[in-house]
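Step one of this worksheet: look at the structure below.
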Amino acid sequence: MDFDITPVTLAEVEQLRELAVATFIHTYAAFNTPENMKSYIATHFNSAHLASEIQNTDIHYFFIRSKGTLAGYIKLNEGETQTEARFPNSLEIERIYVSPQHHGKGLGHALLLKSIEVAKERKLPYIWLGVWDQNTKAIDFYERNGFYKDGIHPFMLGDEPQRDYVMKLEVNS
């Protein structure tokens, strides 16, 4: 496989924003109102917000490129940047997206392996994530890669509460 994974730099914030918006819309627009999509994107994917996250030492963004073309990204959270306070001493995968034209090439798996590498480097015992309970394709992907369901947590998309499964993977036991 011809790909590379690199940390996202502040100079790449616009590339991150464009990719984040495009992959989020592709994944969720058909299931949510335009108003809720617009609200979420405006809050979470604006350049200033993303730049502040890139500069936070507890948030780790990585790009994956396939044959030199930007193909996806992952966002990892540690410590107090995690979206759930009940998971201390762990690594959260908050976002993992691959552009549709790069699906089926193993890039999502490569990003997942990167998260395991980061957790092991930091000697964190497990990785966790929230995945929308309606996203059966993603749930199946995580289960194939050793994650197991460990509860639920709410996710707000605009003004609509949604339900995510919490899934965990032991990495340093």
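Going through (1) of a type in the set (D, E, K, R); (2) part of a helix (DSSP H, G or I); (3) open to solvent by 30 Å² or more (accessible area, probe 1.4 Å) one by one, Arg65 falls short only on (2).
Just one of the listed residues (Ala119, Ala138) is closer than 20 Å to Ile64 by Cβ, of a type outside the set (Asp, Glu) and without any contact (Cβ under 8 Å) to a residue 24 or more places away in the chain, namely Ala138. A single member of Gly158, Gly130 is within 15 Å of Glu84 (Cβ to Cβ) and in contact with a Ser or Thr (Cβ under 8 Å, 6 or more places away or on another chain), and it is Gly130. Checked against (1) open to solvent by 20 Å² or more (accessible area, probe 1.4 Å); (2) over 22 Å from Thr23 (Cβ atoms); (3) of a type in the set (A, V, I, L, M, F, W, C); (4) not in a strand (DSSP E or B), Ile116 passes all but a single condition, namely (2). In the range 91-110, the residues that are small (Gly, Ala, Ser) form Cβ pairs under 7 Å with partners that are part of a loop (DSSP other than H, G, I, E, B) and surrounded by fewer than 18 Cβ atoms within 10 Å (Cβ to Cβ), at six or more places apart or across chains, as follows: Gly106/Met1. No other residue among Ala85, Ala48, Ala30, Ala42 is free of Cβ contacts under 8 Å to residues at least 12 places away in the same chain and under 21 Å from Gly104 (Cβ atoms) apart from Ala30. Does any residue of the range 31-41 turn out to be under 22 Å from Glu18 (Cβ atoms), part of a helix (DSSP H, G or I), open to solvent by 60 Å² or more (accessible area, probe 1.4 Å) and at pLDDT below 95? The answer is yes, given that some residue of the range 31-41 is under 22 Å from Glu18 (Cβ atoms), part of a helix (DSSP H, G or I), open to solvent by 60 Å² or more (accessible area, probe 1.4 Å) and at pLDDT below 95. For the range 161-173, give me each residue that is in contact (Cβ under 8 Å) with a residue 12 or more places away in the chain and open to solvent by 70 Å² or more (accessible area, probe 1.4 Å). Matches in the range 161-173: Arg163, Glu170, Ser173.
Could you go through the range 86-100 and let me know if any residue there is part of a helix (DSSP H, G or I), among the charged types (D, E, K, R) and open to solvent by 40 Å² or more (accessible area, probe 1.4 Å). No, every residue in the range 86-100 fails to be part of a helix (DSSP H, G or I), among the charged types (D, E, K, R) and open to solvent by 40 Å² or more (accessible area, probe 1.4 Å).
Residues in the range 119-147 that are assigned to a helix (DSSP H, G or I), more than 15 Å from Asp164 (Cβ to Cβ) and among the small types (Gly, Ala, Ser): Ala119 only. Residue check: is Gly130 of a type in the set (Gly, Ala, Ser) and either touching a Leu at 6+ places or on another chain (Cβ under 9 Å) or open to solvent by 30 Å² or more (accessible area, probe 1.4 Å) (or both)? Judged against the criteria, Gly130 is not a match.
Regarding His26, is this residue open to solvent by less than 30 Å² (accessible area, probe 1.4 Å) and either in contact with a helix residue (DSSP H, G or I) (Cβ under 7 Å, 6 or more places away or on another chain) or not basic (Lys, Arg) (or both)? Here the answer is no, as His26 does not meet what is asked.
The values are calculated or read from the model by the stated rules, or taken from the named source; none is laboratory data. The structure displayed is predicted, hence computed values, not measured ones. Positions of Cβ are backbone-derived with ideal geometry, glycine not excepted, and every protein chain shown enters the neighbour counts. Remember, those area values only see protein heavy atoms, side chains included, never the ligands or the DNA or RNA. Shrake-Rupley method; radii C 1.70, N 1.55, O 1.52, S 1.80 Å.
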